[in-house]
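Structure first, then comments.
The values are calculated or read from the model by the stated rules, or taken from the named source; none is laboratory data. Because the structure is a prediction, the values reported are computed rather than measured. No Cβ is skipped: glycine too gets one built from the backbone with ideal geometry, and neighbour counts run over all protein chains shown. Each accessible area value is taken on the protein alone, full model and side chains, heavy atoms only, with ligands, DNA and RNA left out. Shrake-Rupley method; radii C 1.70, N 1.55, O 1.52, S 1.80 Å.
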Amino acid sequence: MTDEGSRKREESRRVFSEAASTYDRIGPPIFSHFGQRLVDVAEIPLGAKVLDVASGRGAVLFAVAGKIGSTGRVVGIDFTAAMVSETGKDIESRKIANAEIHQMDAEQMEFDDAAFDHVTCGFAIWMFAEPARVLQEFYRVLRPGGKLALSTWAADNPSQTWCHEVLRPFVPAPASKQLATKDDLKFDTPLQLETALRQSGFADIQIAVEEKEFVYHSEEQYWSSLWSSGLRRQLEKMTADSLEQAKSEVIRKFQTFRQPDGFHKLNRALFARGTKPA
C-alpha cells in the first residue's frame, strides 16, 4: 500500500471512530432507506448466507437480517472498532439472532473462499485505500453463482453537490480539493461501476439509479448531521473562524429548501449488482 493509501485509511478510521455514536442517527433515515433498497435490489432469498462489508451502524445489515429469516445468517464487518461496538450493542438490544458483526479489514478478509451466497456493501467502495483489491476479495468469498450488490452516491447527487459547493471556500487547500471534481470521486457513474465490476470478474451486471427526497426538521439538525458523517473530516480542517462562517453560510443558503413541513433535500444513489460466474 502506498503512503497516501495508508494516510487515507488511518484518517477514515479516525473520522468514523469519532462519528460512530451519532452516525446515521441524526436527521432523516437516509442510510436506512437506501440500505433497505439495496437489499431489495439484491434479491436475497430466505436462508441465504450474506456478508455485509463496511456495515457502519447497520443500515444494510439489519435490512438483510429481516430478509433472510431464521435459517439465514448475515455477517457484518467494519474496520472501525467503535462502529463495531455500537452496532454490536444494537444487535444485542434488538435481540437479532441471525446477525453478527466483527472488526475486519475488507482488503484482507478472514473468510474462506466461496463462503457466502451474497455480498453487500453500502456507500463505501470509494473510501477504501485499494478499492480494486476489495472487489477482488468480494469475488473470492462469494460462491460460484453468488451475487454482489453495492451502492454509491451518483456524481450528480444534488444533496452532496450543494453541500460541497457551499463548504469549498472555507476548507483550506489541499483539503478543499477533496470536495471538488469528478476525478476525486470514484464509482459515481454507471460506466465506472460497470467497468470496475467487470474487471473484477463479475458478469450479468445491472446498474440502477434511484433518488428520494428527505426532510430535515431544522437548520441545526442538518448542520449536526454533517458532523455525524464522513464529511466531518473536512469540517475538522477548518479554523474556528472559518467553521463559524461556513455554518452561517450553510444555514443561510439552506433556506432555499424550506417547505411547510421542513427542509427538503434530494439524494440520488446508484445500485450495482453482479454475479460471480458459476
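Restricting attention to region 17-37, the residues that are over 17 Å from Q221 (Cβ atoms), crowded, with 21+ Cβ neighbours inside 10 Å and more than 11 Å from the chain's Cα centre (by Cα) total 1. The residue pairs whose first member lies in region 204-217 and is closer than 13 Å to R273 by Cβ, whose second member is basic (K, R) and surrounded by 14 or more Cβ atoms within 10 Å (Cβ to Cβ), and whose beta carbons are closer than 6 Å, counting only pairs six or more residues apart or on different chains, are Q206/R273.
Does region 233-273 hold any residues that are part of a helix (DSSP H, G or I) and either among the charged types (D, E, K, R) or open to solvent by 60 Å² or more (accessible area, probe 1.4 Å) (or both), and which are they?
Residues satisfying the conditions are R233, A240, D241, E244, Q245, K247, S248, E249, R252, K253, Q255, T256.
Filtering region 219-266 to residues that are β-branched (V, I, T) and within 24 Å of S17 (Cβ to Cβ) leaves only T239. Can you tell me which residue within region 191-225, out of those that are of a type outside the set (S, T, N, Q), assigned to a helix (DSSP H, G or I) and under 17 Å from G262 (Cα atoms), is most open to solvent (accessible area, probe 1.4 Å)? Applying the filter and picking the extreme gives E220.
Every listed requirement among (1) over 21 Å from P131 (Cα atoms); (2) free of Cβ contacts under 8 Å to residues at least 40 places away in the same chain is met by S85 save one, (2).
The lone criterion from (1) surrounded by fewer than 23 Cβ atoms within 10 Å (Cβ to Cβ); (2) at pLDDT below 95; (3) in contact with a helix residue (DSSP H, G or I) (Cβ under 9 Å, 6 or more places away or on another chain) left unmet by F128 is number (1). Here is the figure for region 68-78: residues that are surrounded by fewer than 21 Cβ atoms within 10 Å (Cβ to Cβ) and more than 17 Å from L142 (Cα to Cα) total 3. Only one entry of S151, S93, S70 meets the criterion of being small (G, A, S) and under 20 Å from T275 (Cβ atoms), and that entry is S151.
The selection criterion, being in contact with a strand residue (DSSP E or B) (Cβ under 7 Å, 6 or more places away or on another chain) and small (G, A, S), holds for A208. Of the set (1) in contact (Cβ under 8 Å) with a residue 60 or more places away in the chain; (2) open to solvent by 60 Å² or more (accessible area, probe 1.4 Å); (3) farther than 21 Å from A42 by Cβ, all apply to E92 but (1). Among the residues in region 38-56, are any modelled with pLDDT of 95 or more, of a type in the set (A, V, I, L, M, F, W, C), within 22 Å of S225 (Cα to Cα) and part of a loop (DSSP other than H, G, I, E, B)? Yes, region 38-56 contains at least one residue that is modelled with pLDDT of 95 or more, of a type in the set (A, V, I, L, M, F, W, C), within 22 Å of S225 (Cα to Cα) and part of a loop (DSSP other than H, G, I, E, B).
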